[in-house]
1. Just from its helices, what would the mean residue ellipticity at 222 nm be for the chain, if runs of 4 or more DSSP H residues each count -39500 (n - 2.57) and the sum is divided by every residue, rounded to the nearest 500 deg cm²/dmol?
2. Expressed as a whole number of Å, what is the distance separating the alpha-carbon centroids of region 27-99 and region 273-290?
3. Give the dimensionless ratio obtained when the Cα radius of gyration of region 1-93 is divided by 2.2 N^0.38 Å.
4. Kindly provide the trypsin sites (Lys or Arg not before Pro) of region 140-241 that DSSP labels as loop, not H, G, I, E or B, and whose Cβ sees at most 14 other Cβ atoms within 10 Å.
5. Taking a cut-off of 18 Å, what percent of all Cα-Cα pairs in region 279-394 are separated by more than that?
6. What full-extension length gain, to one decimal in nm, is calculated for Ala59 and Arg297 as 0.36 nm per residue of separation minus the Cα-Cα distance?
7. If I stretch the segment between Trp188 and Leu31 completely, what's the gain in nm (0.36 nm per residue apart, minus their alpha carbon distance), one decimal?
8. Please state the charge dipole magnitude for the chain, taken about the Cα centre, from unit charges on C-beta atoms (+1 on K and R, -1 on D and E), reported in debye and rounded to the nearest 20.
Amino acid sequence: MVAVKRVAVVGAGPAGAITIDALAKEKTFDLIRVFERREAPGGCWLADKQPPPLLSDLAALASRSADAPIPLPDRLPAQRPKIANPRYAESSIYPYLETNVHSIPMEFSQEPIPAERSQRSIGLHGPDTPFRHWSVMQRYIQGLVDRNGYQDLVSYNTTVEHVEKVGHEWKVTLRRDGAEKDYWWVEWFDAVVVASGHYSIPYVPAIEGLEQFEKLRPGSVIHSKQFRGKEYFQGKRVVIVGASVSGADIAVDLVNTVVSPVYAVVSGHRANAYFGDEAFNHPHISKQPSISRIEGRTVHFVDGNTVRDVDNIIFGTGYSWTLPFLPQVEVRNNRVPNLYQHVVYQKDPTLLFIGAVAAGLTFKIFEYQAVLTARILAGRAILPPMAEQENWEQDRIAARGDGPKFTLIFPDFEDYFEAVRALAGPGEHGLGRQLPPFKREWFKAFLDGLELRKKMWRRINARAWDELDLNLNGLDLGGQKKTRSPPPTYGSDLLNKIPSVTREVPGTTKGEKGGDEHVISN
């Protein structure tokens, strides 16, 4: 590999922030440049100053082809009119959002997350709650960047629009947002580190009639990324699509706000591997199978049931990986192939990725990947022969498949951390960021945090069922037996008799079955 002296880093979220430190501590690079398209560090933890844009081109979101490359100016540098294409740079922050993972597995090994606890989190989980408000996380990441002069390495409001290899150099085409026009220019590097994350482009499955539903009432279809709190949905009838954690959080959040019940499309779909499906066992949540089609404001499910007069459909269906600035790099089955240890691009080891993994101990994984990246680029880590790198990927495909599960580190955290640490080595002459051995306490804290969340849902659900029992005790149910398990189906004669549960009688009817089941991404 040609000697690397100039390194570009794409993104100043948590992955990019720790990469700056890892590169800087090698003390061998002449130039480290970090490009962040937002106005400050934080990535998905940076709140927006403006409301998120409405969804458009649902067909592109469904086919995972949104956020395509945009035309580059013929000559650079240049000033050009601001681009009109949606770039999905907004975050998924809403005012009371908290982390859903214990702080210990989220923090980097040398930089503890501040023990600031919100009153809301204390109320839900007790005085020692391990969860943190989103603003704590943003300030944490900001602090990682604003130290040791690292802030001078970052160019904000700057989007990497194109990266290509020209000879032995990487040509990086950049665009900076201006008040009236955008400024375009080129910089050259010996290596590029992609730390831009993969939670930007919402995935919205293709459903017959969905586009028309949104066009007739703009803003009626949103992704969980655009969710900005429950207040907007006061008194509305809502369908939530998605069996994973976003769908669970939003469904529980809305039970006392929307026209009861919350319709959750979860039946027949795999629950989140970490959090399970406890959240959906609330008496004010009606579990439904996939949507077959939408006609007007009526949502039809594949089992023949329908819900009339729907105001909003919220999708918690995950994200699509896109690399519009690296069109030569394939994205297949929502993952990037040819990445040895999820980091090194096998076709060119001067292109590396931080964070190309699924959730779980993510910040610490970023740290280990960043140190390995810095060691490789500094010439202080030796990669195995290409045949061994290729075999690693093929063996993993054989074990986990060539899709999203390929990127899931769970439950083999210790094996992965130690493999990356061994590759990175201790560095030379005390230079470089040092990686501690994996601690099983990290994994235990991760699991403990998951259990706390599940306990919270169980408490909320038990309280709601107790309240339902109190209402049922005062009603003539016509000889019908009340039950907690399984939860009743909304629209039944039983629950239509309970005013406290159904503030408005749910518009549920039985219709014809139709349509194929769409896939919900977990």
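Computed from the coordinates by the stated procedures, all read-outs in this text should not be read as laboratory data. Source: prediction; values computed, not measured. Glycine also receives a Cβ, built like all others from the backbone with ideal geometry; neighbour counts cover every protein chain displayed.
1. -8000 deg cm²/dmol, from helical runs alone.
2. If you average the Cα positions of each part, the centres end up 32 Å apart.
3. For region 1-93, the normalised Cα radius of gyration comes out at 1.38.
4. Filter output for region 140-241: Arg147.
5. The proportion of pairs with Cα distances above 18 Å equals 67 percent.
6. Answer, rounded to one decimal: 83.7 nm.
7. 55.5 nm
8. With Lys and Arg at +1 and Asp and Glu at -1, about 620 debye.
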